[in-house]
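The values are calculated or read from the model by the stated rules, or taken from the named source; none is laboratory data. Bear in mind the structure is a predicted one, so any value in this text is a computation, not a measurement. Glycine gets a Cβ as well: all are built from the backbone with ideal geometry, and neighbour counts include every protein chain shown.
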């Protein structure tokens, strides 16, 4: 009997009770911690919806590593699917997964110091990537659609990345892979501890 009651409650939550005119899909444009963000959402029932999300962005940067100049390109973004449970008043709880696009490609050239020894004219290619190919996401959000079908939305939550790792190879063959890995060990220990990233989004939407 208790199982039947629980099933009925869940069915009522997802279907929203009495039938009503089906709303059209919603497209949202905005900015988030995934970069420039595009969403396509569809309300399956008054209390449950699905959203596809995609974000993208990149930037060039310059820094130094062990005394050598570093030129790089960093990427943010990703794509995924979220399920939304609407609690009333525009508030929603969201859960899903994103294939994260966080990472960077770097080039290290010039003279570098490893274990107190200077190596001249190295040509090191390095890459930063997240551990998880799919990052689970939880968020709470709000959306409001006005009479002219335009609206606003916002989300705040977190993604589980599993950490990050940095790898490098010396194309000049002057530094062994073992020495490079040892040089990056402490950095990778710290990167491996960044297992959760915030997710924040603001958007403007249109409902068809």
| task | Examine the range 14-32 for a residue that is modelled with pLDDT of 95 or more and not in a strand (DSSP E or B), and state whether such a residue exists. | result | no
Checked 157, 162 against criteria (closer than 30 Å to residue 50 by Cβ and assigned to a strand (DSSP E or B)); the one match is 157
Within the range 175-208, residues more than 27 Å from residue 125 (Cα to Cα) and surrounded by 12 or more Cβ atoms within 10 Å (Cβ to Cβ) come out as 199, 200, 201, 202, 203, 204, 205, 206, 207
Review point. Got at least one residue in the range 110-130 being crowded, with 17+ Cβ neighbours inside 10 Å, within 22 Å of residue 51 (Cα to Cα) and touching a residue at least 40 places away in the same chain (Cβ under 8 Å)?
Key: no
Practice item. Determine whether the range 47-69 contains at least one residue that is touching a helix residue (DSSP H, G or I) at 6+ places or on another chain (Cβ under 6 Å) and surrounded by 14 or more Cβ atoms within 10 Å (Cβ to Cβ). Key: yes
Report task. Check whether at least one residue in the range 177-188 is in contact (Cβ under 8 Å) with a residue 12 or more places away in the chain, over 24 Å from residue 50 (Cβ atoms), in contact with a strand residue (DSSP E or B) (Cβ under 8 Å, 6 or more places away or on another chain) and part of a strand (DSSP E or B), and report yes or no. Result -> no
